[in-house]
Amino acid sequence: MSDLMVNPSSMSIGPQAQILPLRPQEYPGEQVRVGVIGYGYWGPNIVRNLHGQKNVQATMVCDKSAAALSRARRAYPGLETVSDPMDILRSPDIDAVAVITPVWTHYELAKMALENGKHVFIEKPFTSNSAQAEELINLAARKKLTIMVDHTFLFTGAVRKIRELTESGALGDLYYYDSLRVNLGLFQHDVSVIWDLAPHDLSIMDHIIKAEPEAVVATGEKHLNGVEDVAFMTIYFPRNVIAHINVNWLSPVKIRTTLIGGQKRMVVWNDLVADEKVRVYDKGVQITSGDGIRDLLVSYRSGDMWAPQIEQLEALQAEMGYFADCIMNSKTPFNDGHAGLRVVRMLEAAEESIRRKGELIRL
Ligand SMILES: NC(=O)c1ccc[n+]([C@@H]2O[C@H](COP(=O)([O-])OP(=O)(O)OC[C@H]3O[C@@H](n4cnc5c(N)ncnc54)[C@H](O)[C@@H]3O)[C@@H](O)[C@H]2O)c1
């Protein structure tokens, strides 16, 4: 049985989400039929989470690797497998295409899917550059088709709880977001560690800070295969909110820890522990000033720590159900092409800043 414990259609959706008017024709089927392109490392997770859902199903899997296809057939004997993406892109029995291939292939495959009238679920990062993302967004709008970018973390119980805490004002005004996302490998051949790991934090920040970033500074170095494998990124937001992301493929240990500081409370999120992933600290600093600078009074508040209940859900299962719900009920997903584009713009700025040895790049 699935460990999904939320009804995706009842999930709170982000500020960018809006209900579009119903299209002339309501969605005709009871299930959205998805063709999945790419069955490497991540694709099997997508196919597994499409299985057993009420409103969505995987009907075909494509991979150019015969070994990948035989793995898919062993896991799902009834599943049709093909090696040419056009078999999925042109199939009249497929409503939506999931693009789970390396980043450099995203734009071409998504463009062909949209041109063939298919909705698109696409991996992070959305595209290799912002011009491609803009083109896909416009194409989808013209064709009245949905794009959803797989910003998986937004569907985890931890991020949903953190968003609830920021939305409710429990943390007060935000001061900073500081994330350490490091491990040994998995090296990607086509993208740097920034394009591989930072999209997770950038999409989470986009979801909880809810402000357009103003500028980016980044530094990084290449040690092994011609792309940065260690990188540090700072993002400036309005109202003195600052974010820092440390991504590294050369760390001896895996760490996934994020600090989020607010004026009232602070959060420590350790994604690698089973219990108490999110801890909220009732700690803070207050400054009261008298007449002059010498009269500044600094007081530290140190209250309780509590670990809120986190929903035990498999993020991808909620996300795939939400994808189908958006298509069937003409909703714009909060992780739509625009959300994907905002992340790609920050990645591009980081890349530019790294090239210029840490210069500030305005967005
Ligand atoms: N959301 C997440 O948490 C998460 C995690 C891992 C990877 N990803 C993303 O998933 C995507 C794939 O990553 P991966 O690690 O699975 O890569 P991978 O290299 O392990 O797998 C990609 C698969 O796509 C196939 N493929 C490539 N081009 C193809 C084409 N034109 N037609 C058919 N098949 C093709 C390859 O044969 C391979 O089997 C990337 O965009 C990555 O950023 C997301």
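Below, the figures for the structure above:
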quantity	calculated
Burial order of peptide ranges 76-86, 199-209, 48-58 (average beta-carbon count within 10 Å, highest first)	199-209, 48-58, 76-86
Angle between the chain longest axis and helix 103-115 axis [Cα atoms, degrees, rounded to 10]	50 degrees
Trypsin sites (Lys or Arg not before Pro) within the stretch 179-253: DSSP coil, no more than 13 neighbouring Cβ in 10 Å	Arg239
In degrees, nearest ten, helix 66-75 long axis to first principal axis of the chain (Cα)	90 degrees
Within-14-Å neighbourhood charge of Leu184 [Cβ basis; K, R +1; D, E -1]	+1
The chain: angle of helix 130-143 to the longest principal axis, Cα-based, in degrees nearest 10	50 degrees
R0 of 35 Å, Cβ-Cβ distance Trp306-Arg362: FRET efficiency to nearest 0.05	0.35
Fully extended contour minus Cα-Cα distance, from Tyr176 to Leu297, at 0.36 nm per residue	41.3 nm
Contact order relative to length of the chain, as percent, for alpha carbon pairs under 8 angstrom and 6 or more apart	22 percent
Estimated FRET transfer efficiency (Leu186, Gln31; beta-carbon r; R0 30 Å; 0.05)	0.35
Euclidean distance of C-alpha centroids, the stretch 32-91 and the stretch 105-142, integer Å	19 Å
Inter-part distance where the stretch 166-207 and the stretch 254-328 are each reduced to a Cα centre, Å	14 Å
Inter-label distance, nm, simple model (7 Å from Cα along the C-beta direction), Lys222/Glu276	4.4 nm
Local electrostatic count, Met266, Cβ distance below 10 Å [Lys/Arg +1, Asp/Glu -1]	+3
Inverse mean reciprocal Cα-Cα distance (Kirkwood Rh) of the stretch 202-245, Å	11.6 Å
Cα-only radius of gyration and Dmax that characterise the chain, units Å	21.5, 78
Extension reserve of the His51-Ser83 stretch, reckoned as 0.36 nm per residue once the Cα distance is removed	9.4 nm
Spatial extent of the stretch 38-133: Rg and Dmax, with the Cα atoms as the point set, Å	12.9, 40
Two-site FRET efficiency, Arg239 against Lys144, from Cβ-Cβ distance with R₀ of 41 Å, rounded to 0.05	0.65
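Computed from the coordinates by the stated procedures, all read-outs in this text should not be read as laboratory data. Since we're looking at a predicted model, the values are computed, not measured. Note that each Cβ is placed from the backbone with ideal geometry, even for glycine, and that neighbours are counted across all protein chains shown.
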